[in-house]
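Undergrad: Supplied in structure tokens, the structure appears directly below.
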Amino acid sequence: MSEPYGIGVTKFAREDGTRRRGRRGIPLRWLVFWQVVFLTPANLVAQEPIVVRTAIQPKQEAIVGQRVLLKIDVLAKDSWANLPSLPNFEVPGAVVYAPPTQSVRLSEAIKGDSYTGQQFEWWLYPQRAGKLRIPSLKLAVELKSFGSDREPVTESKTSDAMTLDVGFAKGAEGMPGIIGTERFSIEQSWSQQETSLKVGDGISRTITRSAEGVPGLVFAPIETPKMVGVRIYPKQPEVENAFNRGSLTSKRVDRMTYVFEAEGEVLLPEIDIAWWDTSDEKLRRETLDARRLTITPADRPTTSGANGSVEPYEDSKSVSRWLILSFIVLVGLVLHWAWKPIVHRWNGWQSKRRSSERSYFRRFEVAAKSNHPRETLRALVQWWDVADRHSLAPRLDRFFLRYGDRDASAVLVKLEKAVDQDQSPWSSRDVLAQAQSARTRFLADQQSRQPVISRRLPELNP
């Protein structure tokens, strides 16, 4: 009689009662384990409903000025994933450029499931050597279900942070503003072709740079070293970007004007531009020729003499000098004759100004802001003595009672107590505010009481 032991395993009994071991098979528990691991269909494994992938190219190392591609894929299971608004971000040490057509539609099968979405692309241009650290970006992923009228659903996801090593191209160590491109061109033009100019003249230099695969923002400004006897006036650069069928071509135009202030020989320097050829992986240089000029003295004004010859215009200069000297003497005589009346009028105006109501009130404002109660009260009393010229004995309490607010009298009492008792509390801000408000009403009342002079002419006798 046989006894089951496992799949393909049986134990047999001999006639003498001893057991004979037969062919031994694989235990049942191991067969079940390997079936679960290897024979389970891929579509039974649960997948993420939204997939976000981040990649950069090149992956490990880049050259300063070389374009680095940042690609972010967003995919959704059984629906379409999209980024309606792209994140704005900065990468330290690099220029970030978002191309106009930066999205590509994706459709993939991941472990038997259908995923649809888009791929987005940014171009990064490192400007210095070291670690290029691309931050993690917050993404608002919009999901649209196929064949459904439901409104799109938005879910928040994040991309992976990336790091890339950046170094200088061989021979370009320390060169600022180097760019990496397959095609680069540079040319210059001058506003004048003469080799001899005069002091005060100017000449303009125009430099145009063009490149493929880089935005105009990456071009570094043209350095203009200082020159003795020459002033340099750079103008605002003109930058253009042309994007056509995934290809970017940029141009930058720099203009500068040299103005000559001294005579002699002048050498306008050459300009050397280095760039990295990404197709041949070589450092190339372009040089703009220098220009030598002769600067001569500026022409002096001349006039024709009686015999038709050209003579220096010295007579005109002499006449101008005599006119200026005569004018100075005339002004001196007038001032000497009118000096005493002018001084007298000035002193009278100053005295009247110092004794005016407005001047006294300004002194009170300064005293109040100093936060000294005794000086504040003294200045306030002096102002009221000048302001109220119609009373024989002007009184502050009547002034505040008539023209002040409801709390004006209480504020005045606190000020008087602070003068008598050093520790009594008072508020310089309240005193100043109440006095200013009461003064405004007082001046308005005085203005209304002034007699009105009729400007109407008397009627004519009939």
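Undergrad: Output yes when any residue across segment 200-217 is surrounded by fewer than 12 Cβ atoms within 10 Å (Cβ to Cβ), touching a strand residue (DSSP E or B) at 6+ places or on another chain (Cβ under 8 Å) and at pLDDT below 95, and no when none is.
TA: no
Undergrad: Another question, then. In segment 72-92, what residues are over 23 Å from GLY112 (Cβ atoms) and β-branched (Val, Ile, Thr)?
TA: Listed by number, the residues that qualify are ILE72, VAL91.
Undergrad: Filter segment 365-384 down to the residues that are small (Gly, Ala, Ser) and farther than 15 Å from PHE400 by Cβ and list them by number.
TA: Passing the criteria: ALA367, SER370, ALA379.
Undergrad: Only one of (1) in a strand (DSSP E or B); (2) within 24 Å of ASN244 (Cα to Cα) is not met by ALA109, so which one is it?
TA: Going through the list (1) in a strand (DSSP E or B); (2) within 24 Å of ASN244 (Cα to Cα), ALA109 breaks only (2).
Undergrad: Kindly check whether there is at least one residue in segment 269-285 that is over 16 Å from SER185 (Cα atoms), hydrophobic (A, V, I, L, M, F, W, C), touching a residue at least 24 places away in the same chain (Cβ under 8 Å) and in a strand (DSSP E or B).
TA: no
Undergrad: Under 6 Å between Cβ atoms, which residue pairs at least 6 apart in sequence (or on different chains) link something in segment 186-214 that is assigned by TED's automatic domain parsing to the domain that holds SER250 and under 13 Å from LEU268 (Cα atoms) with a partner that is surrounded by 14 or more Cβ atoms within 10 Å (Cβ to Cβ) and of a type in the set (Phe, Trp, Tyr)?
TA: ILE203/TYR258
Undergrad: Residues in segment 217-238: is at least one part of a strand (DSSP E or B) and within 24 Å of PRO126 (Cα to Cα)?
TA: We begin by selecting, within segment 217-238, every residue part of a strand (DSSP E or B); these are 227, 230-234, 238.
Those still in the list that are within 24 Å of PRO126 (Cα to Cα) too: 238.
The answer is yes, given that some residue of segment 217-238 is part of a strand (DSSP E or B) and within 24 Å of PRO126 (Cα to Cα).
Undergrad: Could I ask something else about it? Considering only segment 222-238, how many residues are loosely packed, with under 15 Cβ neighbours inside 10 Å and in contact with a strand residue (DSSP E or B) (Cβ under 7 Å, 6 or more places away or on another chain)?
TA: Residues that pass the stated criteria total 7.
Undergrad: In addition: Can you tell me which residue within segment 154-208, out of those that are assigned to a strand (DSSP E or B) and of a type in the set (Lys, Arg), is farthest from ALA81 (Cα to Cα)?
TA: Among them, the one singled out is LYS198.
Undergrad: May I ask you to verify whether GLY147 is in a loop (DSSP other than H, G, I, E, B), assigned by TED's automatic domain parsing to the domain that holds LEU267, loosely packed, with under 15 Cβ neighbours inside 10 Å and not hydroxyl-bearing (Ser, Thr, Tyr)?
TA: no
Undergrad: So, one more: Scan segment 397-434 for residues that are basic (Lys, Arg), under 20 Å from ASN371 (Cβ atoms), exposed (fewer than 14 other Cβ atoms within 10 Å of the Cβ) and modelled with pLDDT under 85 and report the count.
TA: The qualifying residues number 0.
Undergrad: Just to be sure, is ARG291 at pLDDT 90 or above and among the charged types (D, E, K, R)?
TA: yes
Undergrad: Give segment 71-94 a look and list any residue that's assigned to a loop (DSSP other than H, G, I, E, B), under 30 Å from LYS111 (Cα atoms) and without any contact (Cβ under 8 Å) to a residue 40 or more places away in the chain, or say none.
TA: LEU86 - this is the single residue of segment 71-94 that is assigned to a loop (DSSP other than H, G, I, E, B), under 30 Å from LYS111 (Cα atoms) and without any contact (Cβ under 8 Å) to a residue 40 or more places away in the chain.
Undergrad: While we're looking at this one, here's another question. Test VAL91 against the criterion of being of a type in the set (A, V, I, L, M, F, W, C), in contact with a Lys or Arg (Cβ under 8 Å, 6 or more places away or on another chain) and buried (at least 16 other Cβ atoms within 10 Å of the Cβ), and give yes or no. Show your work before the answer.
TA: Values: of a type in the set (A, V, I, L, M, F, W, C): yes; in contact with a Lys or Arg (Cβ under 8 Å, 6 or more places away or on another chain): yes; buried (at least 16 other Cβ atoms within 10 Å of the Cβ): yes.
Taking the combined requirement at face value, the residue satisfies it.
The values are calculated or read from the model by the stated rules, or taken from the named source; none is laboratory data. Just so we're clear, the structure is a prediction, and the values are computed from it rather than from any experiment. Ideal geometry is used to build each Cβ from the backbone, glycine not excepted, and the neighbour counts take in all protein chains shown.
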